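See below for the structure under consideration.
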Amino acid sequence: MKNPWKTLDKTEVYDNPWIKVTHREVLNPAGGAGIYGVVHFKNLAIGIVPLDEDYNTWLVGQYRYTMEEYTWEIPEGGGPLGNEPLESAKRELQEETGIIAEKWQKIGDLATSNSVTDERGVVYIAQGLTFGEANPEDTEELQVKKVPLDEAVEMVMRGEITCSLAMIGLLKAKILRDRGEI
């Protein structure tokens, strides 16, 4: 479908190693003048649902500065655009939990917040797990806990897990398990 928006002017207002923000003067689909702010992400959002043979998973708890709250999520992080997403997923899983997986299955591509950002994400299921030492980044103070997949899904349903990558990953993993596809 053809883009019904027309960009009249684009000004970069902020740039750092992770994001770039632009202010745009536009004509909307009805032809009216307006503005649009776009946040461009320089990384792909990566989420991983590690599953053992009993369908337990591992959640990561951390304080999210932007949300000003403590959250429970699946292991996740960013992979530079242009890099192989699976390699970034393997790195993030090991870094945050110490887990290394033999088997990987991509279960979803997503747009994280497509009204203001071009950020895209990908979610994997990781199986055939071995366990070692986590090596989180300096910006991460993490708590890792093992929970049954069904309990993690109940945490989503109770509103205790609100991260979009985690919600999508956990719900899709449960559906795939219930269908016998994993």
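The values are calculated or read from the model by the stated rules, or taken from the named source; none is laboratory data. Computed from a predicted model, the values in this text were never measured in an experiment. Every residue, glycine among them, receives a Cβ derived from its backbone with ideal geometry; neighbour counts consider all protein chains shown.
I need a count of the residues in region 1-59 that are among the acidic types (Asp, Glu), touching a Leu at 6+ places or on another chain (Cβ under 7 Å) and not assigned by TED's automatic domain parsing to the domain that holds residue 98. Residues flagged as among the acidic types (Asp, Glu), touching a Leu at 6+ places or on another chain (Cβ under 7 Å) and not assigned by TED's automatic domain parsing to the domain that holds residue 98 within region 1-59 amount to 1.
The single residue among 154, 133 that is in contact (Cβ under 8 Å) with a residue 24 or more places away in the chain, of a type outside the set (Gly, Ala, Ser) and over 21 Å from residue 18 (Cβ atoms) turns out to be 133. Taken over region 157-182, the criterion of being part of a helix (DSSP H, G or I) and free of Cβ contacts under 8 Å to residues at least 12 places away in the same chain is satisfied by 157, 167, 175, 178.
If the condition is being in a strand (DSSP E or B), farther than 19 Å from residue 87 by Cβ and either of a type in the set (Lys, Arg) or more than 16 Å from the chain's Cα centre (by Cα) (or both), then region 104-137 contributes only 131.
The residues of region 12-42 that are free of Cβ contacts under 8 Å to residues at least 60 places away in the same chain, within 18 Å of residue 113 (Cβ to Cβ) and surrounded by 14 or more Cβ atoms within 10 Å (Cβ to Cβ), listed by number, are 19, 20, 21, 22, 23, 24, 36, 42. Here residue 59 meets each of (1) closer than 30 Å to residue 130 by Cα; (2) surrounded by fewer than 17 Cβ atoms within 10 Å (Cβ to Cβ); (3) in contact (Cβ under 8 Å) with a residue 60 or more places away in the chain with one exception, condition (2).
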